[in-house]
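Before any comments, here is the structure.
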Amino acid sequence: MREFILKANKAITSGDINLKDLPGSCGRLDLVCRCISSAFFLSHDIRRDTVFYSVHYGRPNPPVALKFVGSQLKRVSPDERSIAIFIKKALSREHGPQWRESTPGIYHAKKDFREIVLEKVREGRNVYLLHLKGRPIEEVINEETYPEMRERGFVFILGDHIGLSEEDERFLRDLGVERISLSPLELHANQCIDIVHNVLDKLEYRRG
Ligand SMILES: C[S@@+](CC[C@H](N)C(=O)[O-])C[C@H]1O[C@@H](n2cnc3c(N)ncnc32)[C@H](O)[C@@H]1O
């Protein structure tokens, strides 16, 4: 299983979404939609082994968490507008402490970033923070380490255009979450998801 957790510092937390202004009044919801597109969509298929969380900290009622489950998604297509329509439906609901399904495979809850990370650590997943200054991914996940790691599943945490706060980084460090780097250059969040999938695809599908 491959899971991604995006902390979306400015992303809107109500259904008051103007589909013509995802970057502005919706707090960079365009970025969230691109990440979802990268997380799930292949040329003619969906990645059913992937789960994506976006935790929204924008106006008017932060935080709100959304969960997208690849094996259950229906009718969503890769373009930002289509994804934003489904997000709008989920954010228009009332949120409780437990996940509730809005449309097939899309869940919403009043959960914060740290709660979701803690859950993944407690589940025993291999949890990593994607970070420019981390250890190169190939040193951590490679032909030698992959077979054992894949049994526990992978979780990759990433920031939006603002990134994670120092407190969040300290929280992750204290939990023992290692930082891994994908490139010597700073990338967009959706590009990071593309690269992670590519690294794991090569290890998964080249196995004998
Ligand atoms: C546009 S970047 C964030 C830029 C922001 N100014 C910062 O300082 O974090 C979005 C996210 O992508 C991930 N990221 C960007 N470049 C990366 C790299 N070379 N290796 C690993 N993760 C990277 C990080 O998780 C980052 O928070």
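Any read-out appearing in this document is the output of simple, stated calculations on the displayed coordinates, not a laboratory observation. Values in this document were obtained by computation on a predicted structure and should not be read as measured data. Cβ atoms come from the backbone with ideal geometry, glycine included; neighbour counts cover every protein chain shown.
Looking only at residues in region 76-94 that are in contact with a helix residue (DSSP H, G or I) (Cβ under 6 Å, 6 or more places away or on another chain) and not β-branched (V, I, T), the one that is surrounded by the most Cβ atoms within 10 Å (Cβ to Cβ) is A84. Any chance region 31-47 includes a residue that's surrounded by 18 or more Cβ atoms within 10 Å (Cβ to Cβ), assigned to a loop (DSSP other than H, G, I, E, B) and either on the phi > 0 side of the Ramachandran plot or touching a residue at least 60 places away in the same chain (Cβ under 8 Å) (or both)? Checking region 31-47: at least one residue is surrounded by 18 or more Cβ atoms within 10 Å (Cβ to Cβ), assigned to a loop (DSSP other than H, G, I, E, B) and either on the phi > 0 side of the Ramachandran plot or touching a residue at least 60 places away in the same chain (Cβ under 8 Å) (or both). Restricting E151, E115 to residues that are within 17 Å of the chain's Cα centre (by Cα) and more than 16 Å from the ligand (Cβ to nearest atom) narrows the list to E115.
Looking across region 155-185, the residues that are surrounded by 12 or more Cβ atoms within 10 Å (Cβ to Cβ) and away from the ligand (no atom under 14 Å from the Cβ) come down to F171, R173, L175. For region 148-162, the tally of residues that are touching a Leu at 6+ places or on another chain (Cβ under 9 Å) and farther than 21 Å from V51 by Cβ stands at 1.
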